[in-house]
Amino acid sequence: MKLLHIDSSALGAQSVSRELSAAIVARWADTVPGLEVIHRDLDSEPLPHLTGKSLAGADADEAARTLAQFQQADVLVIGAPMYNFSVPSTLKAWIDRIAVAGKTFRYTENGPEGLAGGKTVIIASARGGIHSNAPTDFQEPFLRQVFGFLGITDIHFVRAEGIAYSPQHRTDAIAAALASIPAPLRKAA
Ligand SMILES: Cc1cc2nc3c(=O)[nH]c(=O)nc-3n(C[C@H](O)[C@H](O)[C@H](O)COP(=O)(O)O)c2cc1C
């Protein structure tokens, strides 16, 4: 069984989403014997933005490696800070490489069809403010839409909100998020 662990925070050791994503991965590693974990840090090793040159094949090897990592993963754990009400551009750049027509989705006469179903996605979400169910949230609905569009239905959010309100808020939000980590499910290898 393969788990792809993605981080995108620019805040290094101070990052809440990194702390949460690491805790989620540790829980899976403790539960699933032989779990293969690949860690991808989009902050220290960002992907190039998708441009016309990319579409012409300028970074074809990197694009193919990124797509294959996603396609081969059974479980994705994604550290997703809120930046300017959405996700970091580094994470968006990764999404632009995994949403590929004919590979992870396609259009049919009946509309779009996701081709990447069967995976579990767990998002470790950190926000300075509080945005749940608010019109200011372009992060979680965006991520839910992207992975749903690709055919993934098993999507979970582990969320720490209001972490910029006060040090106590931050401590409490992290503790609540850690306590909300869903139990890993055993899947066939
Ligand atoms: C560049 C930048 C943009 C941010 N934009 C928002 C925002 O729009 N809304 C918000 O609630 N918090 C915002 N924050 C606060 C972060 O969401 C918060 O610090 C969160 O903990 C980031 O996740 P991390 O700790 O994993 O880096 C921003 C932080 C940075 C660094």
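Where a number appears in this text, it was derived from the coordinates with a stated rule and is not lab data. Just so we're clear, the structure is a prediction, and the values are computed from it rather than from any experiment.
Taking the chain, how much of its Cα-Cα pair set, in percent, is spaced more than 31 angstrom apart? Could the numbers behind the result be given before it?
Values: 2741 of 17766 pairs.
I get 15 percent for the Cα pairs in the chain exceeding 31 Å.
Tell me the mean residue ellipticity at 222 nm calculated for the chain from its helices only (DSSP H runs of n ≥ 4, each -39500 (n - 2.57), averaged over every residue, nearest 500).
Working: 6 runs with 66 residues, N = 189.
Rounded to the nearest 500, the figure is -10500 deg cm²/dmol.
Over all directions, average the projected area of the Cα convex hull of segment 1-88 and note it in nm².
Working: hull surface 26.3 nm².
If I average the Cα hull's projected area over directions, I get 6.6 nm².
In degrees from 0 to 90, rounded to the nearest 10, what is the angle of the helix 140-149 Cα long axis to the longest principal axis of the chain?
Compared with the principal axis, the helix lies near 30 degrees.
Among DSSP bridges having both ends in the chain, what percentage is antiparallel? Round to the nearest 5. Write down the numbers at each step before the final one.
Details: 5 of 30 bridges.
Bridges in the chain are about 15 percent antiparallel.
When you take every Cα atom in segment 105-189, what is the radius of gyration, and what is Dmax, the widest Cα pair distance, in Å?
Cα-based Rg and Dmax for segment 105-189 come out at 15.9, 53 Å.
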